[in-house]
1. In whole Hz, what ³J(HN,Hα) sequence does the range 293-298 give by Karplus (6.51, -1.76, 1.60; θ = phi - 60°), x for Gly and Pro?
2. Could you size up the charge dipole of the chain around its Cα centre, putting +1 on the beta carbon of Lys and Arg and -1 on that of Asp and Glu, and report it in debye to the nearest 20?
3. Rounded to the nearest 500, what is the chain's calculated 222 nm mean residue ellipticity when only DSSP H runs of at least 4 contribute -39500 (n - 2.57) each, over all residues?
4. Could you name the aspartates and glutamates in cross-link range of residue 526, using Cα to Cα under 17 Å and dropping any fewer than eight places away on the same chain?
5. Can you list the HN-Hα couplings for the range 85-95, worked out from phi with the Karplus curve (6.51, -1.76, 1.60; θ = phi - 60°), rounded to whole Hz and with x for Gly and Pro?
6. How high is the relative contact order of the chain, in percent, counting Cα pairs under 8 Å that sit 6 or more residues apart?
7. Mean separation of Cα pairs under 8 Å and 6+ residues apart, divided by the residue count of the range 168-216: what relative contact order is that in percent?
8. Compute the helix-to-body angle for 2-23: its Cα long axis versus the longest principal axis of the chain, expressed 0 to 90° and rounded to tens.
Amino acid sequence: MKLKYFIPSLVAVVAAIFTSCADDKGSTYLEGLRVSQSYVALDVNGGSATIDLSAKGPWQFEKVIAETEKDAEGKNVKVYYETPKWLKVSQLSGTEGNTQLSFTADKGEGRSCELVISCNGEEQHIKVIQGLVTIQTATCAEVLAGPDSKTYQVSGTVTAIANTTYGNWYLNDGTGEVYIYGTLDSKGATKNFASWGLEVGDQITVQGPKTTYNGTVELVDVTVVKIIKSLIKVDSLTVAGEKADELPVAGGEITAHLTCKGNGVAVEIPAEAKDWLGVTSSTVGSNPTVTLYAKANEGGDREATVTFITTDGTKEYTSQATIKQKGAIVECNVAQFLAAPVSNSQYRVTGVIQSVANASYGNIYIKDFSGEAYVYGIGAKGDFQAKGLKVGDIVTLVGKRGEYKGTAQMTGAQLEKVIPVTEVTIAEFLSKPDDKNTYYMVKGTISSLKGSNGKDNDYGNLYLTDGTNELYVYGCYAGWGATGNDRKFFIADNNIKVGDELTMIGYKDTYNGLVELCGGINFGFKHAE
């Protein structure tokens, strides 16, 4: 009897699935666009499936599948494709007539997507599924080893929070650590991470789909299932009785004020900070304090994340605080900055803005006599434009030595000083008043060089012409900041000759009645053809 009633029921369910796929969002029997079926099921072990398409005009798959990727500046953005990365379709567009489409995927399960084909204003929706879309409860290690696009539920401790708007943070359960990229609020909305009140040390259960980007495993736009607040919390940090998380260069004491509902407090200082940071005293109770002492700092800015630990007798609970200390600013040229290690040290670098990658954020390239460096943003968004900075200006920046995909860059840059540079013609330069504090950019063709060969013209004394006017350049150096021998041989080293085009930056001065461009640095040159 059970078999007798089960089979008709199963047929009804399958029929309902295919009927809903045909009727929902677009029928398989449109006037100008038809498919043999709008539901494609792929084997979990991988493989292909085919359907037939008939169109009365040109057709194409629409870009409706959102993928999270990083742009040129390293920011996560949504990019839309015709299919998800795990699925390949034999043909994404075609002409009028009949076409057989093949859908192929590697081994995987629990993933699906809905594709859209359009033709002459009509749309056909194709549902593709591989295995049952289920949520797997897993450890971090299992998530790290599992396939992309599968949805996982994982529990662990919040170890660090990277972004408090979107909710980007790290979850660790002892078997491994997974990066959470995006956390939905209780209503499923984004950009409301603060509503959860999540802190480092809290225990949490989330679920979301896995993706991998540049080797980093991520769970994307996770749903929060449960939060267990930590039994220990850092309420505040104080220095000399005032709220502060930063110590001066001279060092001193900083006190962490805690709330603790567990049994006792242990303190863990990172190994790399133990040579400059240690515990001096502590108090007990439900509101204990821990006082730490930092030595005087002879290097750049530094910081350490200190972990406070308690237990309920079964589990350990943690909370963290980042202790910062000001350091001396290291003044250096571009080459020295590029050779420095990635750290929190602050560097002061001066150079000429060579090009602007993003004016809104102030992403630029600066160059001095020793080399060129990429600056990943100056100040806050809009600061670069608000200050009227432009290509050719000479800027002094203070920032950290960072890195992206193995390429050095300055991060957290702040503008300390700017020397505006005005682009003028030779005729305009000749008419300007003498002023060692005002810089101009001048372009011209070299009409003569001092000496008959490069080594005779160590410092690059030469004449520029625009065809009508002529300007004497008293020294052409490789770039800003050159001193001593670094000012020599730029002309010879670059095989620059009469007839080549040269762009110079310098100030105006007059010597024995001769107008000169002085303090001249090269901004660019072009050999004559």
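The values are calculated or read from the model by the stated rules, or taken from the named source; none is laboratory data. None of these values were measured; they are calculated from a predicted model. Don't worry about glycine lacking a Cβ; one is built from the backbone with ideal geometry, like all the others, and counts go over all protein chains shown. With ligands, DNA and RNA removed, areas are computed over all heavy atoms of the protein, side chains included. Shrake-Rupley method; radii C 1.70, N 1.55, O 1.52, S 1.80 Å.
1. Values, residue by residue: 10, 10, 6, 4, 9, 9 Hz.
2. Details: 48 positive and 61 negative charges, 168 e Å.
Taking the Cα centre of the chain as origin, the dipole is about 800 debye.
3. On the way: 6 runs with 48 residues, N = 529.
Counting only the DSSP helices, I get -2500 deg cm²/dmol.
4. Once the sequence-local aspartates and glutamates are set aside, what remains near residue 526 is 466, 493, 500, 501.
5. For the range 85-95, the Karplus curve yields 5, 7, 10, 10, 10, 4, 8, 9, 7, x, 10 Hz.
6. Working: 1339 pairs, mean separation 35.2, N = 529.
Relative CO of the chain lands at 7 percent.
7. Details: 30 pairs, mean separation 10.1, N = 49.
Reported as a whole number, the value is 21 percent.
8. The two axes meet at around 40 degrees.
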